[in-house]
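To start, the structure under review is shown below, and the notes come after it.
The values are calculated or read from the model by the stated rules, or taken from the named source; none is laboratory data. Please read all numbers here as calculations on a predicted model, not as lab measurements. Reconstructed Cβ throughout: ideal geometry from the backbone, glycine too, with neighbour counts over all protein chains shown. SASA here: full protein model, heavy atoms, side chains in, ligands and nucleic acids out. Shrake-Rupley method; radii C 1.70, N 1.55, O 1.52, S 1.80 Å.
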Amino acid sequence: MEALTGLSGRKEAFAQLESAVHLARVADNRLLISLVDLDRFYRLNETRGHEFGDDVLGIVGNRLLETGIAPTTVCRIGGNTYMVAMQLAQGTDTCLHAVEAIKHAVELPIEENGTELYLTSSIGAAIFPEDGLASEQLVCRAESALHQSKNEGGNRTQFYNSDNTDRLQRRIDIEASLRPALYMRQFYLAYQPIFRLEDGKMRGFETLIRWKHPELGTISPAEFIPIAEHNGLIVPIGEWVLREACKRLAGMHKYGLGPLIMSVNISPVQLQDPTFPQTVLHILDEYKIQYSSIELEITENVTLKHSDTVLSSLSKLRGAGVRIALDDFGTGYSSLSNLKQLPIHCLKIDKSFIKAIDLPSAERLIVESLIELVHKLGLEVIAEGVEYREQYDLLKSWGCDYVQGFLFGKPMEPEQLDLSMIKTNDKQDLPFGEGDVHVEAGAIK
Ligand code: C2E
Ligand code: MG
Ligand code: MG
């Protein structure tokens with residue numbers, strides 16, 4: 001046993017890893033081997049002395065042992081490097097949770113002599129059996145991942161690069177890049193027009209967030225929003241989206257269009273914050289936006305109708321005049337009972353349904369009846385994902401109120417939006433085919 005941290009030293013570490021690999025093989029587990037290196041630890045020894053440094057090493061070692069995620073062995077294998085081996089059930093998410101818990105354990109503040117100290121770590125990880133069956137090979141691969149992590153500036157997690165871990169690695173990279181993305185101004189909004197079917201006039205726009213990362217390229221919201229929801233960053237990101245949408249709407253008066261509605265997607269995580277309604281109204285006041293010009297698009301999920309906070313926030317906002325739309329109806333947890341329980345103005349039928357209406361399908365019957373039902377409940381309907389003229393004709397004949405989709409316009413970047421607003425200027429015809437999509441020959445005449 002190593003006296004300093006109470007954890008086993010290098011020689012014993014490898015013996016313990018050997019048994020852990022054996023156990024994983026017998027129990028049909030995965031084994032996560034992480035080498036955890038404390039960033040710039042030498043600075044701590046230099047500035048606070050070796051005795052203090054040794055105390056810190058002991059505290060971190062104990063925290064790594066107590067993550068509570070899974071049966072774990074922790075050994076210190078070098079000056080400020082630990083080897084952490086965790087027995088995990090099959091499935092990719094367990095590995096992600098485990099490395100997140102390890103990183104978090106190091107980052108918790110350490111209180112020593114009345115001061116708080118914050119550490120970060122560089123982590124290299126390999127997984128049994130994907131990255132190797134023998135303990136030496138697994139350690140080698142975790143070491144190579146650790147080098148890569150440090151070469152890229154430290155304070156990051158790197159999985160050994162095999163095909164199996166590419167997906168995990170991407171998630172880790174996105175999560176790490178999300179934090180600084182907001183203040184590095186890497187987000188912007190795209191605006192997709194929504195049109196009224198009755199007279200072809202523009203109703204407004206849906207704002208859709210875009211992220212251009214200098215190394216990772218363009219990352220779709222479908223990929224990064226769930227990650228931002230998982231780590232809570234969706235709250236500041238969502239607030240930024242609302243501000244940006246309001247700023248843009250406030251600047252649209254100059255085009256002389258009628259009143260437009262700006263639709264903003266809201267995550268269920270934002271709704272769980274009881275201060276959400278105040279935040280929204282405060283931002284609308286700041287930009288002098290009429291409450292009824294903003295529509296919040298909420299999605300159905302399990303928490304939605306079972307949470308008093310969510311229901312009371314939505315009622316407060318609706319009471320103040322803010323519009324509420326139920327997005328993506330027809331996917332996930334959609335239920336007709338929500339239509340009368342939730343304080344909504346409008347329902348958006350998901351594109352997966354619209355896609356099939358021009359074929360003899362169940363979706364065709366469902367969408368037709370849904371429009372009728374929704375109207376009877378006094379709500380409006382927007383069909384999203386309209387790509388073909390046949391779909392548009394059917395929706396019009398069924399009395400659908402609004403349409404949105406590539407047939408009329410793809411989401412536009414801010415510069416494109418300015419140009420198109422000048423061109424549109426209260427135009428009454430729907431701009432068929434302006435979405436620049438592949439439309440089957442003869443579909444639009
Ligand atoms: P959504 O709110 O249902 O947005 C509509 C999605 O459908 C957008 O994808 C849009 O580009 C796409 N779309 C529009 N018309 C068509 C069409 O005719 N055909 C097809 N195939 N697709 C069409 P996008 O921009 O990739 O956004 C995906 C999802 O990410 C959104 O689905 C929304 O759930 C989420 N999202 C986007 N921006 C935000 C945001 O600011 N906050 C939050 N919380 N979620 C956002
Ligand atoms: Mg939406
Ligand atoms: Mg939608």
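Here are some notes:
- The Cα trace of segment 172-424 gives Rg and Dmax of 17.9, 50 Å, the first to one decimal, the second as a whole number.
- Placing +1 on the Cβ of every Lys and Arg and -1 on the Cβ of every Asp and Glu, with no other charges, gives segment 172-424 a dipole of roughly 620 debye about its Cα centre.
- Lys/Arg +1, Asp/Glu -1 at C-beta; segment 224-350 dipole; positive extreme among 233, 268, 278: 278
- For residue 194, residues with placed amide H under 5 Å, excluding near neighbours: 203, 204, 205, 206
- For residue 25, solvent-accessible area (1.4 Å; no DNA, RNA or ligand), Å²: 130
- Take the chain and mark each of the chymotrypsin sites (Phe, Trp or Tyr not before Pro) that is in a DSSP loop with at most 16 other Cβ atoms within 10 Å; the longest unmarked stretch, sites excluded, is 1-117.
- Over the chain, accessible surface divided per residue gives 47 Å², non-protein components excluded, 1.4 Å probe.
- The fraction of accessible area contributed by carbon and sulfur in the chain is 52 percent, rounded to a whole number (1.4 Å probe; ligands and nucleic acids excluded).
- Residue-averaged 222 nm ellipticity for the chain, from DSSP H runs of 4+ at -39500 (n - 2.57), nearest 500: -13500 deg cm²/dmol
- Rg over Rh [alpha-carbon atoms, Kirkwood Rh] for segment 306-386: 1.01
- Rg/Rg_ref, segment 148-300, where Rg_ref = 2.2 N^0.38 Å and atoms are Cα: 1.23
- Charge dipole (Cα centre; +1 on Lys/Arg Cβ, -1 on Asp/Glu Cβ; no other charges) of the chain amounts to roughly 760 debye.
- Residue-level accessible surface for residue 43, protein heavy atoms, 1.4 Å, Å²: 120
- Neighbour net charge for residue 334 - beta-carbon separation under 10 angstrom, K R +1, D E -1: -3
- Cα shape, the chain, gyration tensor, a/c 1.5 rule: prolate
- Backbone HN-Hα couplings from phi across segment 30-40 [Karplus 6.51/-1.76/1.60, Hz, Gly and Pro as x]: 9, 10, 9, 10, 10, 9, 10, 10, 6, 5, 6
- Most to least packed among 226-232, 373-379 [average Cβ atoms within 10 Å]: 226-232, 373-379
- Shape analysis of segment 10-160 yields a ratio of the Cα radius of gyration to the Kirkwood radius, Rg/Rh, of 0.97.
- Counting only heavy atoms of the protein chains and using a 1.4 Å probe, residue 63 has close to 60 Å² of accessible surface.
- Extended-chain gain in nm, criterion 0.36 nm per residue less alpha-carbon gap, residue 341 and residue 373: 10.0 nm
- Dipole-positive endmost among 395, 361, 115 within the chain (Cβ charges, Cα centre): 395
- Note, ³J(HN,Hα) from phi for segment 44-57, Karplus 6.51, -1.76, 1.60, rounded to Hz, x at Gly and Pro: 5, 4, 5, 8, 10, x, 5, 5, 4, x, 5, 4, 4, 4
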